[in-house]
Amino acid sequence: MIKLLATLALLALAPAAYAADTLPPDLAAVSDAFDKAQIDGDGAALGRILADDYRLIGGGANVEDKAQFIADFTAPGFKLDPFTVREKIDKVWADGAITGGLVDFCGTDGGKHFCQTFRFSDVWARRDGTWKLVYSQVTRVPPPAPTPATP
């Protein structure tokens, strides 16, 4: 009977402990800091947030590591505009999480303005008590097709 009660108690706690749709405050703070570091081109902050084994699968199916990611966002002539994530997705479990959504990624690169809409997902892992971004994937969203003219 004690084993049954203990098992039922663990099952009752498991969903709360291992799956949630709300980010814990410490992860929400580091996720916000990651967005700010990209906009500010803050290589030191990106270096603290990205795990050493970080990988990005880009919109063109390219693979980048931590050093390449930081180099992209700190390159001379690159400036990202502030952005807002829409259609947010947050999934959290014991020592990991996925954040994502839809974002219009606009800015200037080499004097030329760019703007591209992406769906993205970021995978976070709690390592030694600190949230680290370990993996990101972005998918380009094609522009809407023009609507045909009506005669």
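None of the figures in this text is laboratory data; all of them are computed from the coordinates on show. Fair warning: this is a prediction, and the values are worked out from it, not measured in the lab.
Please enumerate, by chain and number, the lysines with C-alpha under 20 Å from the C-alpha of residue 66, excluding those fewer than 8 residues away in the same chain. Reachable lysines: 36, 79, 132.
Just need log10 I(q)/I(0) for the chain at q = 0.20 Å⁻¹, Debye formula, equal scatterers on the alpha-carbon atoms, no solvent, rounded to two decimals. Here the Debye-derived log intensity ratios amount to -1.32.
For the range 91-151, the spread of Cα coordinates along the three principal axes comes to 63, 32, 11 Å, biggest extent given first. The angle between the Cα long axis of helix 2-18 and the main principal axis of the chain comes to about 10°, on a 0 to 90 degree scale. For the chain, relative contact order (Cα pairs under 8 Å, six or more residues apart, normalised by length) works out to 22 percent. A cut-off of 5 Å between modelled amide H atoms, ignoring neighbours fewer than 5 places along the same chain, links residue 55 with 135, 136.
Annotation: amide H of residue 141 within the under-5 Å range of 117, 118, 119, sequence separation 5 or more or interchain, hydrogens built in the peptide plane. Which one, 116, 38, 137, has the greatest fluctuation when you compute a Gaussian network model over the chain with C-alpha springs under 10 angstrom? Highest fluctuation of the listed residues: 116.
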